[in-house]
1. When Thr187 is evaluated against the numbered criteria (1) under 23 Å from Gly448 (Cβ atoms); (2) modelled with pLDDT of 95 or more; (3) out of contact with any Gly (no Cβ under 9 Å at 6 or more places or on another chain), which criterion, by number, is the only one it fails?
2. Quickly run through the stretch 432-468 and pick out the residues that are charged (D, E, K, R) and either part of a strand (DSSP E or B) or under 22 Å from Ala303 (Cβ atoms) (or both).
3. Does the stretch 246-260 contain any residue that is touching a helix residue (DSSP H, G or I) at 6+ places or on another chain (Cβ under 9 Å) and of a type in the set (A, V, I, L, M)?
4. Here is a list: Lys478, Lys471. Which entry is more than 17 Å from the chain's Cα centre (by Cα), among the charged types (D, E, K, R) and not in a strand (DSSP E or B)?
5. For the stretch 416-443: of the residues being surrounded by fewer than 17 Cβ atoms within 10 Å (Cβ to Cβ) and among the polar types (S, T, N, Q), which is farthest from the chain's Cα centre (by Cα)?
6. Determine if the stretch 379-392 includes at least one residue that is in contact (Cβ under 8 Å) with a residue 60 or more places away in the chain and under 25 Å from the mean Cα position of the chain (by Cα).
7. Across the stretch 345-378, which residue is nearest to Gly317 (Cα to Cα) among those that are under 25 Å from the mean Cα position of the chain (by Cα) and hydroxyl-bearing (Ser, Thr, Tyr)?
Amino acid sequence: MQSLGVVPIFVSAGAAVLPTLVAAVTSVVAIILKPRELIRLCREKPMVVGMSVSCLMGICGLGWLIFTSPVRAARQNASQPPAHYDWAKVAEDILARQALAAIPTPATEPAKNGQAVVLGHDFSRASFDGNIAPIHLARLWSYQPEDTMFLSDPAVFGNRVYVAGCQSDLGGYTGLLACVDFETGKTIWETTRLGDELLKPFFSSPAITADGKNLIIGQGLHEDRDCALLCFDTSTGKLRWSVKTSIHIESSPAISGDIVVVGAGAIEGKTGKPTGDPGFVLAVRISDGKELWRQTVNDAESAPAIDETGMVYIGSGFNGNAVVALRSDLPEELQSKKIERIAWKTAVEVPVTGPITLAGELVISGGGNGDVVHSNKDARGLVTAMDRKTGQIKWQTPFEDSVLGFVAFRNDLLVCPIRNGEVVALSAKDGRVIWRTRVSGTSPVIAGCAFAESRIYSVSSDGYLAVLDAKDGKIIEKTYLNDQAKPGTGLTMSMPQVVNGLVIVGSETGGVRAYAGSGDAR
């Protein structure tokens, strides 16, 4: 009889609490759907928010006790299902770690032996460091924050990997910057905020100073305004300085000594013309964050190159259609020498938004009339070779679609990613096509390629990492990078880094992954 009296009490309590639960949950959901409003309330009325959360937790806890007690009791009496192991994945991890054991300990800084370093993209990061070029790839680790895509290239320095991502927010994206361990992928630090503000998303790739102490990166995607060039302490992830801009910085910084140079691109309206600032190149002193100079360059989305004399080479994109050479001297030095900032400017037939490559005495630019999301109905692409001193065009090779990623150079061979799905090798002497290969059908190849000894590592936008033979372009193997359950929308465009025997690459839905090779590694 006592048990008959208890049941109606719980039923009555549940009926009484239910409307309160519904009302509270409805109010909270309304705020959760506006995360920036929630942040504002937390700042302005922390006591109210705290009391509200405490009350809601108490109500939810009471409801949970009421409605789940019978279920918990039943589960406690049921037998537990056996644990499930993915033995194929376990075996894959073992093979990868065996391969890693034979790899030398990471150097204190990337090797700079001749053409092995990616000049023209960033002096501080190598796409290939001159060590092992692995095949028979097996995944060693993955760093995969929820709802985060990695459009930019990872930076590797010593035993750390630095990555920048775009995290989904309702109606847009915010930024994530992180440092993970080279051998394990374990998170060392993460940052998503600058004080009270969320980081803006990243398309720009991080650059590391020669001493390994500073990480420099630009903020913003193409429609973002009021962004900044940011410098972080690599040991802690704390902000050192920022230089604000009215437009976004999708360009990846290039470093030379105590100077970092980056481009800021325009935001084009429906007419194709800029809706505000047309774009510029920015130079900042790294040691104190002081802006040294700005030079107007239309739509400077390109990642610049800096040569041994301090000359800066950068592309001019939409409404620019040019490659520009800029002297990096301070304004007062230029004035005393009575010379201009612009050393030369060479017009080309298409916008140049891709990174600049230095190949001996040549400046190599890729360009086209499409972008990373859309091709043009009358698509055209072009690779142009110019004399480094004069800007005179030496040769040009046209393509069926845009060349948006970094053009890799090694052993007098240029490897070009084409938006029509091909990787094409050109002779650096005359631009003649040596071979051409499709990575994944017509899926665009937007990311630059890592050129490692006799192998090339290329990524298709639908998420495949392919290893190609540099002699003839034949595909040796392919690996899928995205999450199998979330194939993505065609935005895998991170350039692979081949460092100390590992291939480290970002993806749209699979996070950042490291692959070790087994078998013949040379």
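The values are calculated or read from the model by the stated rules, or taken from the named source; none is laboratory data. Source: prediction; values computed, not measured. Backbone-built Cβ (ideal geometry, glycine too); neighbour counts: all protein chains shown. In case anyone asks, the SASA skips ligands and DNA or RNA and just uses the protein heavy atoms, side chains included. Shrake-Rupley method; radii C 1.70, N 1.55, O 1.52, S 1.80 Å.
1. (1)
2. Arg436, Arg438, Arg455
3. So the first thing to find is which residues in the stretch 246-260 are touching a helix residue (DSSP H, G or I) at 6+ places or on another chain (Cβ under 9 Å), and the list is none.
Taking every residue of the stretch 246-260 in turn, none turns out to be touching a helix residue (DSSP H, G or I) at 6+ places or on another chain (Cβ under 9 Å) and of a type in the set (A, V, I, L, M).
4. Numbers: Lys478 fails: not in a strand (DSSP E or B).
Result of the check over Lys478, Lys471: Lys471.
5. In this case the residue turns out to be Ser427.
6. Narrowing the stretch 379-392 to residues in contact (Cβ under 8 Å) with a residue 60 or more places away in the chain: 384, 386, 388, 391.
Those left that are additionally under 25 Å from the mean Cα position of the chain (by Cα): none.
No, the conditions are met nowhere in the stretch 379-392.
7. Across the stretch 345-378, the extreme among qualifying residues is Thr353.
Table: residues versus (1) modelled with pLDDT of 50 or more; (2) more than 14 Å from the chain's Cα centre (by Cα).
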{"site": "His121", "(1), (2)": "no, no"}
{"site": "Asn131", "(1), (2)": "yes, yes"}
{"site": "Ala138", "(1), (2)": "yes, yes"}
{"site": "Tyr143", "(1), (2)": "yes, no"}
